[in-house]
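Taking it in order: structure first as structure tokens, then the write-up.
The values are calculated or read from the model by the stated rules, or taken from the named source; none is laboratory data. Please read these numbers as outputs of a predicted model, since none were measured by experiment. Virtual Cβ from ideal backbone geometry, glycine too; neighbours counted across all protein chains shown.
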Amino acid sequence: MTSYVIEADGGSRGNPGPAGYGAVVRDASDGQVVAEVAEAIGVATNNVAEYRGLIAGLTAVLGLAGDGAQVAVRMDSKLVVEQMAGRWKIKNEGLRPLALEAGALARRLRVTEWTWIPREHNKHADRLANEAMDAAAKGLTWKAGGSATGAGGAVPDVPGTSHPSDETRDAAQPASTAGKSRAGKASPSVAKQTDLLDAGDISELSAPTASVAAAQQRGKGTGWAPPTRVATSLLLLRHGETELSIERRFSGHGDAELTPNGLAQAAAAADRLSREPYRLDVIVTSPLKRARQTAEAVAQRTGLDVDVDEDLKETDFGDWEGHTFTEVQRGWPAELAAWLADPAVAPPGGESFATAAQRVQAAGARLVERHEGKTVLAVSHVTPIKLLLSQALLAPLGSLYRMHLDLACLSLIEHYADGPAVVKSFNDTSHLR
């Protein structure tokens, strides 16, 4: 069976600045080049470009040989190599979606090695990245062979691509144990808590007003634009009131509908989100009816379609579905105590917060990756929203026990291409007053 070698590189002229990547796929037996790919990616940092180069190389091998192909990966990015090998943690949340995408592609292949090589041994991929950036600076598109669409010949290699120390850029540190970095488990000792279920009344709390900047990427794709740090804005809207929330009952995968008051709450949120400063680009919702009804109210006011993401649904509370906290306390006292003490413990027949966190994190990463630089409204439930907020804050899972979210509240997380996720607003209910 043929095996392959990927050499990938990425660079940024300004860090962040106009950026691009290049990737070469070779036949491992004789070193012959079997595929080349390069692209300018607009304004980004070196680390983002390096990851994009890796993703392009892995995708090229899959296109050539399909799943299960054997491949060795060689890059001059110490950060990317060490993170993908599981020896370094991913501390920069802005890189996590790219690392997840690369990891998913790598798992479809047989990666035999992740090897760091000096830059002088990676000249082919480096040249491709520069060619892509040079072409973009002229308003052209790179194509294989060192030429660009609309150009008559090769594009010269222009020096100046930034390759700073990757490990200092991301402040990465070696992991204390081998293996892929995973969300940490927390086992807090907490008092009995009723805000962990999808229920609750509207509180007359004073909350900050979300500030949403226009997410227009000027010059994206040209590879030559003013330095900018455009955020991907993730607005999190909890659904409106249901009969179960009025009675403060566990409401997980059950498909309760909104009450008349819940519909009014959804309409109030829709009215707010249809006006400045909100400029929604995408609406995505949990598949459960109470969330879909809330999302559809916003869609009617904004004229946008509604996409459904299964991973945004509420935690499955199993045998506790539809019961009050008191009923669960009487019927399952030991199980409830264990559930309250450890996010890794699931209700009988249900899903733990730790398990839910994995799918919710994947959903959040997909949204940020697919809608870079845009404003995305995600309509969901109390647990998924808490999980997304805790992940943005790099907080342990035990932080779920210390958060309160009202019905139909808004929260805002801004994700940067190569920087931290920033929580800008939390539990904002000003549209309900």
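Some points to look at:
- Any chance residue 43 is modelled with pLDDT under 90 and at negative phi: yes
Okay, residues lined up against (1) outside the structural domain of residue 118 (by TED's automatic domain parsing); (2) over 24 Å from residue 231 (Cβ atoms); (3) free of Cβ contacts under 8 Å to residues at least 60 places away in the same chain:
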| residue | (1), (2), (3) |
| --- | --- |
| 60 | no, yes, yes |
| 67 | no, yes, yes |
| 92 | no, no, no |
| 102 | no, no, yes |
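- Residue in the stretch 391-408 that is under 12 Å from the mean Cα position of the chain (by Cα), modelled with pLDDT of 90 or more and in the same structural domain as residue 278 (by TED's automatic domain parsing) present: yes
- Condition met for residue 356 (surrounded by fewer than 24 Cβ atoms within 10 Å (Cβ to Cβ), closer than 24 Å to residue 266 by Cβ, assigned by TED's automatic domain parsing to the domain that holds residue 277 and without any contact (Cβ under 8 Å) to a residue 60 or more places away in the chain): no
- Flag if residue 249 is at pLDDT below 95, more than 25 Å from the chain's Cα centre (by Cα) and surrounded by 19 or more Cβ atoms within 10 Å (Cβ to Cβ): yes
- Residue satisfying condition, being assigned to a loop (DSSP other than H, G, I, E, B), of a type in the set (Val, Ile, Thr) and either at pLDDT 50 or above or not assigned by TED's automatic domain parsing to the domain that holds residue 65 (or both), within set 111, 158: 158
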